[in-house]
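Report on one structure; see the data block that follows.
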Amino acid sequence: MSERKVPGIDEYDGAAGGWGALAAVARAVKGQMAVGRETAALRRVNQPTGFDCPGCAWPDPQHTSSFEFCENGAKAVSWEATGKRATPDFFARHTLAELWEWSDHALEDEGRLTHPMAYDADADRYMPIGWDEAFARIGAALRALPHPDMAEFYTSGRTSNEAAFLYQLMVREYGTNNFPDCSNMCHEATSVGLPASIGVGKGTVTLDDFALCDALFSFGHNPGTNHPRMLSTLREVSKRGVPIVAVNPLRERGLERFTSPQHPGEMLTNTATPIAQTYYQVKIGGDLALLKGMMKWLLEADAADLAAGGAGVLDHAFIAEHTEGLDALRDDLARTSWDDVVAQSGLSRDDIAAAGRLYARAERVILCYGMGMTQHRRGTQNVQQMANLLLLRGNIGKPGAGIAPIRGHSNVQGDRTVGITEKPTQALVDAIRQRYGFAFPLTHGHDAVDAVRAIRDGRSRALVCMGGNLAVAMPDPDTTIPAMRNLDLAVHIATKLNRSHLIPARQAFLLPCLGRTERDVQASGLQSVTVEDSMSMVHASQGGLPPASEHLLSEPAIVAGIAKATLPQTKVDWDGLVGDYDRIRDDIEAVFPIFRDFNRRVREPGGFRLYIGASERDWGAAGKARFLVAPGLGEDPASEGDALLTLTTVRSHDQYNTTIYGFDDRYRGVSGRRDVVFLNRDDMVARGLQSGDRIEVESRVGDAVRRLSGFIAVEYDLPRGSAAMYYPEGNRLVPLDSHDPHSGTPAYKSIPVVVSKLDDPAVHAS
Ligand SMILES: Nc1nc2c(c(=O)[nH]1)N[C@H]1C(S)=C(S)[C@@H](COP(=O)(O)OP(=O)(O)OC[C@H]3O[C@@H](n4cnc5c(=O)[nH]c(N)nc54)[C@H](O)[C@@H]3O)O[C@H]1N2
Ligand SMILES: Nc1nc2c(c(=O)[nH]1)N[C@H]1C(S)=C(S)[C@@H](COP(=O)(O)OP(=O)(O)OC[C@H]3O[C@@H](n4cnc5c(=O)[nH]c(N)nc54)[C@H](O)[C@@H]3O)O[C@H]1N2
Ligand SMILES: [Mo]
C-alpha cells in the first residue's frame with residue numbers, strides 16, 4: 001500500500017492527556033471568548049460547593065480540594081458558559097430553511113439562546129414571544145389533542161433530579177407515560193438486563209472499590225475521550241500493579257497510556273503511565289463470543305481442578321448460596337464450540353484462555369463497560385453475560401469487585417430514578433396518588449424508538465423535548481425528520497440551537513433555560529439542584545455565574561409554566577415547589593422512599609449513595625442472582641471472505657454527542673475533518689482502496705437501501721471485517737427498526753455495510 005499523505009490524517013503517537021490536553025482546553029476557552037466567565041466557571045466545577053460537571057457521569061473523588069482537571073469537562077463547561085449569544089436579532093436574519101444548511105457545529109456555535117421564541121410559518125423564522133403567551137399556546141395545543149398518548153415527552157440526561165421529577169409529574173397528571181429518553185439510546189440494555197441478573201439495573205461499585213480491585217476489565221468504552229476523569233482512577237489502579245484488560249476493536253490511546261496533568265512529574269518529564277496491560281481487539285459485535293469463551297474456559301478449568309482434588313476455579317460457596325441457573329448456562333456453554341467462539345470473537349483460543357486465566361487468578365475483579373456493549377441488537381444479552389462472568393467467581397457484592405456500567409450524560413441515571421420511565425410500577429402510581437391525589441394509567445408508554453415510530457405513523461402529534469437533539473441522535477434521520485415536520489406541536493427547552501429545533505411543526509417553541517453553571521434564584525433565594533452519577537452517588541450542584549440572559553428561566557420553572565397552562569385543574573402546587581427546590585426534594589422523598597432524608601443527606605459534603613441491593617448481596621424480589629442464557633454467539637460479525645463489514649459509530653475527541661465542538665480527533669490522528677471511515681488494511685486491499693480514497697458506504701439492514709457518500713477511507717488498526725465512523729454522521733445508515741428487542745437500544749454499533757470505491761467520475765462530480 002502506498003504511503004499517500006492524506007490531509008488531516010496522521011498517526012498520533014503521544015499518550016492521552018499531557019500537554020495536548022492543556023492546549024486543547026486553552027483553545028476551547030479562547031474559542032468561546034468571554035474568558036473571565038469561563039475560567040470562573042472552571043474553578044467551580046465538581047467542587048464541594050460548585051456545580052456538577054455536565055461532561056459525564058463519572059463520580060468525583062470524595063473530598064475534592066482543587067479543580068480536577070479534565071480536558072473534555074472543560075470543553076463542556078466553556079461551551080455552556082460561552083460569551084456568544086443567539087439573540088432574536090440572529091433569528092430575524094435567518095430563515096429556518098437557511099439555517100438547515102448550516103453544520104451542527106455552526107448552529108450551536110452561535111451561542112446561548114436568550115429569549116423564548118415561537119415559530120412563524122409565514123416568515124419561516126423564530127420570533128420572540130413572552131413566556132406567558134408561550135405557555136398558554138403550548139397548554140392549549142396539548143389540551144387540544146384527542147388523547148394524551150398522542151404527545152411525546154423526551155428527556156436528555158442533563159436534566160437535574162428536581163426538573164426531571166417535576167416533568168414526569170406534569171406528564172403523568174396530563175395522562176400519559178410516553179417518556180422517550182436518551183437512556184433508551186444509551187444504557188437501556190443495562191437498565192433492562194441487570195435487574196433480571198442481579199436485581200438492580202445499576203452498577204454495584206463505588207470509587208473506593210477501584211482502590212481494592214486486583215484486576216480490571218474494560219469492555220467497549222473510551223475513557224480518554226468520554227470520561228477523562230476516569231483516567232486518573234485507571235492510572236492509580238495501574239500504578240498499584242493491577243492488571244487492566246481492555247476489550248475494544250479500536251486501539252484507543254486513553255486505554256493504552258496516560259500522562260496526568262494532575263501530576264507535574266509526568267508532565268515535565270513527558271512520561272506516561274501505561275493503562276491496559278493486555279489489549280484484546282475483539283471484532284465488532286464479538287464480545288458475546290469472547291465472554292462465552294472465557295466462561296467456557298473457566299468451567300473447563302474448574303472441572304479439571306476439581307478432578308485433581310482442588311477446590312475448583314469457581315466460587316462454589318457463593319454460587320450455592322447466592323445464585324440460580326448455573327446448570328442452564330453450563331449446557332449452553334457446552335453446546336458452544338471453540339471454533340465458533342474463535343471465529344465470532346476474532347480472538348485466538350490462546351488469547352481467550354489467557355483472559356480467562358487472568359480473570360481466575362484475581363480475587364476482586366471490576367468490569368467496566370460502555371456503549372461498545374450496549375448499542376447492539378444483543379446489547380441486553382451482552383450485559384447479562386458480563387454479569388454471569390462476574391457471578392461465576394463471586395465478583396459482585398464484595399469490596400473491590402463488581403460491575404460498572406459507565407453512564408453517559410451527567411444525570412441520565414438520576415432522571416430514571418426520579419420517575420422518567422415509560423414503564424411505571426404500581427408502587428409509583430400509588431405513591432403519586434397518595435401525595436397528590438391523582439391517578440395515572442399503569443399502561444406502558446413509548447420509549448425513544450416507539451415515540452419516533454408513532455410520530456412517523458402520525459399517531460403522535462406533539463413532541464416536547466427537555467434538552468437534547470432527538471432528531472439527530474436517533475437512527476434513520478431520513479425517516480424521522482420528515483415525520484417530525486408534520487407534528488402539530490414541537491417544544492424545545494434548550495440552552496443552544498441545534499438541528500432538532502429547526503424542524504418546525506405547525507406550532508414550534510424554543511424555550512431557553514439556565515445551564516448548570518448559572519445561578520438559579522427563586523422565591524426562597526439561591527437554589528441548588530441534585531444529580532446522581534454512575535455509581536449512584538447523589539450530590540448537589542449549584543451554579544455561580546450570572547445567567548446568559550435575563551430572560552432565561554430554570555428548567556423547573558419552565559415545566560411549572562407549561563403544567564399550569566396545560567392542567568387548569570392541577571392538584572400540584574407548582575409555584576410552591578418551584579419557589580423552593582427543597583420542597584421538590586421533599587416530594588421526591590415522599591414518592592421514592594430510597595431518597596430518605598434527602599435534604600439533610602444531600603447537604604453533607606460529597607452527598608450520599610443510593611441503596612444498591614446487589615452491592616450488599618441483596619438480590620431483590622427473586623432472592624438470588626441469576627445466571628442467564630443468551631443462545632448463540634451474537635451479531636454474526638461479517639466473515640472475512642464476505643463483502644459485508646460490520647460498522648460501528650463512535651464519538652470523536654472533539655464532540656459531546658450531537659454537539660460538535662471542533663473537527664479534531666486527536667488521539668486517533670484525525671484533524672480538521674470528520675468525513676472518515678476507518679478500515680482494516682486487508683479489507684482495504686481487498687477493495688482496491690488506499691487511505692484518502694472516496695468511498696460509498698451502503699448499509700444492508702431491512703429492505704430500504706441506505707447510502708452515504710462523501711466519506712474517505714482511512715487505514716486504521718482494527719480487526720478484519722470491522723469498520724468505524726463517527727456518530728452522528730453514521731445514523732443515516734441505521735434503520736429505526738434495527739435495535740435490541742429487549743431494551744429497544746438502537747444497534748448503532750453493529751451495522752452491516754458494503755464499502756466500495758467511488759471511482760465513477762460522474763459520481764465524483766455530484
Ligand atoms: N467528551 C465527551 N464525553 C462524553 C460524551 C461525548 O460525546 N463526548 N458522551 C457521553 C455519553 S451520553 C455517553 S453514553 C458516554 C459514551 O462513552 P463510550 O461508551 O466510551 O462511547 P463511544 O464513543 O460510543 O465508544 C465506545 C467505545 O466502544 C468501542 N466499540 C465499538 N464497537 C464495539 C464492540 O462491538 N465491542 C467492543 N468491545 N467495543 C466496541 C469503540 O471503539 C469505542 O472505544 O460518554 C459520555 N461522555
Ligand atoms: N450513531 C450513534 N448514535 C447515537 C449514539 C452513538 O454512539 N452512535 N449514542 C446515543 C447516546 S449514548 C445518547 S445519550 C444520545 C444523545 O442524545 P441527546 O441527549 O438527545 O443529545 P445531546 O447531543 O446530548 O443534546 C445536545 C443538546 O442539549 C441541549 N442542552 C445542553 N445543555 C442543556 C441543559 O442544561 N438543559 C437543556 N434543557 N438543554 C441542554 C443543547 O441545546 C444541545 O444542543 O445519542 C445517541 N445516538
Ligand atoms: Mo449516552
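Numbers below:
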| item | result |
| --- | --- |
| Number of positions in segment 243-261 that are farther than 22 Å from residue 285 by Cβ and in contact with an Asp or Glu (Cβ under 6 Å, 6 or more places away or on another chain) | 2 |
| Every pair of residues 6+ apart whose Cβ atoms lie under 8 Å, when the first sits in segment 90-103 and is touching a residue at least 40 places away in the same chain (Cβ under 8 Å) and of a type outside the set (D, E, K, R) while the second is outside any loop (DSSP other than H, G, I, E, B) and open to solvent by less than 50 Å² (accessible area, probe 1.4 Å) | 96/119; 96/126; 96/502; 99/107; 99/502; 100/499; 100/502; 103/660 |
| Test: residue in segment 179-191 that is over 30 Å from residue 560 (Cα atoms) and modelled with pLDDT of 95 or more | yes |
| Tally of residues being away from ligand 2 (no atom under 13 Å from the Cβ) and under 17 Å from the mean Cα position of the chain (by Cα) across segment 162-190 | 1 |
| Qualifying positions in segment 71-104 - in a loop (DSSP other than H, G, I, E, B) and more than 29 Å from residue 652 (Cα to Cα) | 87, 94, 95 |
| Of the criteria (1) open to solvent by 20 Å² or more (accessible area, probe 1.4 Å); (2) under 25 Å from residue 201 (Cβ atoms), which one residue 456 fails | (2) |
| Test for residue 343: is it open to solvent by 20 Å² or more (accessible area, probe 1.4 Å), closer than 25 Å to residue 239 by Cα and touching a residue at least 40 places away in the same chain (Cβ under 8 Å) | no |
| Segment 391-430 - residue that is of a type in the set (Lys, Arg) and away from ligand 2 (no atom under 16 Å from the Cβ) and, of those, surrounded by the fewest Cβ atoms within 10 Å (Cβ to Cβ) | 423 |
| First in segment 451-462 and assigned to a helix (DSSP H, G or I), second anywhere and basic (Lys, Arg) and open to solvent by 10 Å² or more (accessible area, probe 1.4 Å), Cβ under 9 Å, 6 or more apart | 453/459; 455/461 |
| Odd one out for residue 721 among (1) under 15 Å from residue 674 (Cα atoms); (2) away from ligand 2 (no atom under 16 Å from the Cβ) | (1) |
| Test result for residue 627, away from ligand 1 (no atom under 16 Å from the Cβ), open to solvent by less than 20 Å² (accessible area, probe 1.4 Å) and not assigned by TED's automatic domain parsing to the domain that holds residue 528 | yes |
| Residue match in segment 244-262 (condition: in a helix (DSSP H, G or I), of a type outside the set (D, E, K, R), open to solvent by 20 Å² or more (accessible area, probe 1.4 Å) and within 23 Å of residue 14 (Cβ to Cβ)) | no |
| Test set (1) closer than 22 Å to residue 575 by Cα; (2) modelled with pLDDT of 95 or more; (3) assigned to a loop (DSSP other than H, G, I, E, B) - residue 512 fails condition number | (3) |
| Qualifying residues in segment 452-479 (those that are of a type in the set (S, T, N, Q) and touching a Pro at 6+ places or on another chain (Cβ under 9 Å)) - the one farthest from ligand 3 (Cβ to nearest atom) | 479 |
| Matching residues, segment 398-412, being within 9 Å of residue 203 (Cβ to Cβ) and away from ligand 1 (no atom under 11 Å from the Cβ) | 402, 403, 404 |
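The values are calculated or read from the model by the stated rules, or taken from the named source; none is laboratory data. Keep in mind it's a predicted model, so treat the numbers as computed, not measured. With ideal geometry, Cβ positions are generated from the backbone for all residues, glycine too; neighbour counts draw on all protein chains shown. Please note that ligands, DNA and RNA were not included when accessible areas were found on the heavy atoms of the full protein model with its side chains. Shrake-Rupley method; radii C 1.70, N 1.55, O 1.52, S 1.80 Å.
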